[in-house]
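Below: one structure, written as C-alpha cells.
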Amino acid sequence: MTRHVIVGAGQAGLQVVEALRRDGYDDELVLVGAETWLPYQRPPLSKKFLQGETTAERLLFRPQDFYVKQRVDTRLGVAASALDTAAHRLTLSDGSTVDYDGLVLTTGARVRRLTMPGADDERVCYLRGLDDAARLKARLESAERVVILGAGFIGLEVAAVARKAGRQVTVVEAQSRVLQRVVAPTVSSFFEALHRGHGVELRLDARLARLEPTPEALAVVLDDGSVLAADLLLVGIGVEPEVAVAEAAGIHCAGGIVVDEFARTSAPDVLAAGDCTCHRNLRYPAPHRIESVQNAVDQGKVAAATLLGKLDGYAAVPWFWSDQYDVKLHMVGLSGGHDSLITRGVPEAGAFSVFYRAGERVIAVDSINRPAEHMAARKLIAAGGRCDPDRLADTAVDLKTILDS
Amino acid sequence: MPKVTFIDLDGASHECDVANGLSVMEGAIAGGVPGILAICGGSCACSTCHAYVDDAWASVVGGPNEIEDATLDLANDRQAHSRLTCQITMKPEFDGLVIRVAKND
C-alpha cells in the first residue's frame, strides 16, 4: 500500500488531496496541518469575514465528512518538525513519525513580523490565518484609530473594511505609491484616489521608526518624526515562504522551496506547491514565487499528477484579484519586464484596464471593474499575447474579438 | 429547511438542505455533491461551481450579474441557463430548485 503525505493543510494541500482522489489514487493519504482548522479559504479573511458577513465554518473548503469519505488521515494542530529524505520519514511536532512514498510540501508562508520594542503590544495585529483574522476582527470592534503598515493587498483591503466600519484609518507605506511592487503608476494612482476619497489618510514614502505603547494609545512614530496614535496597528508588510523544515532537510531553497515545472524539489519523492515555492513555470524564463489562490490550485494539480506518474509541466497563466470598497481589481499575467503600457477606458470613470506589453506582446493586464476584459485578457495571454494595440485602446471594439486581430 | 436537488454528471439526484442566505454552491459542498468544485471558494473568480438551472426554474432564479456573466465565459459549455452556483443565494422562493451540475473539471 502506497502512502503519500501532504504537509500543509491550506489551499494547495487540499488541491493535491482532491486531485489525487479524483484521478484514481486509492491508497493512503495523510494531510498534516499546523493550524487546528481543516483547509479554509484565505481571501475572505480580509474581506467578508472581517466584515462579519461569513463565519469560520463557511470558510472551510470541504466539510469534515469529505475527509472521512475520501479516507484522508488528517493530523491537525501538528507541524512538521524534521524530514529525513533518505529514509523517507517525516517527524511531527508531537513526536510521531510518518513514513512516505511521496511527500508534498504545501507549507505556505508566514507573515513578516516587527521585532522592535513594543512589537508585542496587544494592539499590534497581523493577518495570515483564521486565528489572526478572528483576533483582528475582535480588536477592530473597539478600535477607533486604525493604523495600517503596508499598502499592499492586505493593507488596502483591511483599510477598506475599517473605513467602511467608520474607523479613522491611516495607511503608512514605505514606497512612493501603493501596490508599487505589482502595478503601474496609473493603477496606483487610482487606488490612492479611491482610498483618499473614502477618507483614508495615506502616508507614502513613510517608514515606521519606533513604537511607544501607552495605556491611551500605541504611538506609531514615523521616520519623519510624526506620531500616529493607534488603537490598532495592522502590520501588512509581506510574507516569507515557510521553508525551515525543507532547508534543514538539505532541500534546495532560494526565495522559497525550489521546484521544477513538475513541482519536484531537489530531494527524491519530495514535491512542493503553492506559496512556499520558488517554481519554474514554462511560460517564464526564470523561477519565481507567487502568492495566490490560482498558483496554489494549479501547482497543486501539477504535484498530484507528478505523484501519479503523469508529468504535466506547469504552464498556467497567473491571475489574481482584490476587492476594495466597490472596486474589483483583476490581474492576469506578470508585468515584470514590460516596456509599454496601453490604457483602455478612463480611470476617472472608475472602470478601465491597463495592458502591459513587452515589445509586441501583451504580458499582463490589470482590470478595474471590467471583469469581461479580464476574462478576455486571460485568453489573450494564454494564446501568447499578440494583438493589434490600436484595438486594445479602442473601447468601441469588443475585447472578446481581440484574439482575431 | 429549503431544499435544492442537484443532478450530477451521472444523472444521479442529490437532494440537499440549503438554508436561506447560503449560496447554492455552499449547499452542494456541504451535501457532498460531486462535480461542484468551487476552487476559489465562492469569490466569483473561477468557474468550477458552474451548473445549469432547470428550465422550469430559470425565470424564478434569474440570470447572472455583470461579474458573474463575465466569469461564466470561462466555463465549459456555457448554456442558456448557466449560473455560477456561488452567486445564487438561497431564498424561500427557491425551495425545490432543480439544478444540473456542469462539467467543471
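The values are calculated or read from the model by the stated rules, or taken from the named source; none is laboratory data. Not measured: the values here are computed from a predicted model. Glycine gets a Cβ as well: all are built from the backbone with ideal geometry, and neighbour counts include every protein chain shown.
For the reader, a short list of remarks on this structure follows.
- Residue check: A:TRP319 meets all listed conditions (1) of a type in the set (Phe, Trp, Tyr); (2) closer than 30 Å to A:GLY13 by Cα; (3) surrounded by fewer than 22 Cβ atoms within 10 Å (Cβ to Cβ) but one, namely (3).
- Scanning segment A:134-174 for residues that are in a helix (DSSP H, G or I) and under 15 Å from the mean Cα position of the chain (by Cα) yields a total of 6.
- Taking segment A:380-400 as the range and being over 14 Å from B:LEU74 (Cα atoms) and within 13 Å of another protein chain (Cβ to nearest Cβ) as the test, the residues that pass are A:ASP398, A:LEU399.
- Scan segment A:299-316 for residues that are outside any helix (DSSP H, G or I) and either charged (D, E, K, R) or surrounded by fewer than 23 Cβ atoms within 10 Å (Cβ to Cβ) (or both) and the total you get is 8.
- Flag if A:VAL258 is over 17 Å from A:ALA119 (Cβ atoms) and touching a His at 6+ places or on another chain (Cβ under 6 Å): yes
- Residue within segment A:332-355 that is assigned to a strand (DSSP E or B), outside the structural domain of A:GLY152 (by TED's automatic domain parsing), at pLDDT 95 or above and within 20 Å of A:GLN11 (Cβ to Cβ) present: yes
- Residues being over 27 Å from A:ILE290 (Cβ atoms) and either in the same structural domain as A:ARG75 (by TED's automatic domain parsing) or crowded, with 18+ Cβ neighbours inside 10 Å (or both) - total across segment A:119-144: 5
- Residue in segment A:203-215 that is touching a Ser or Thr at 6+ places or on another chain (Cβ under 6 Å), on the phi > 0 side of the Ramachandran plot and surrounded by 15 or more Cβ atoms within 10 Å (Cβ to Cβ) present: no
- Selected residue (only one of A:ALA364, A:ALA377 is within 14 Å of chain B (Cβ to nearest Cβ) and either under 29 Å from A:HIS198 (Cα atoms) or not in a strand (DSSP E or B) (or both)): A:ALA377
- Strands (runs of 3 or more DSSP E) enclosed by segment A:252-298 - at least 3 residues per element that are closer than 22 Å to A:LEU90 by Cα: A:257-259, A:270-272
- Every condition in (1) in contact with a strand residue (DSSP E or B) (Cβ under 9 Å, 6 or more places away or on another chain); (2) on the phi < 0 side of the Ramachandran plot holds for A:LYS310 except the one numbered (1).
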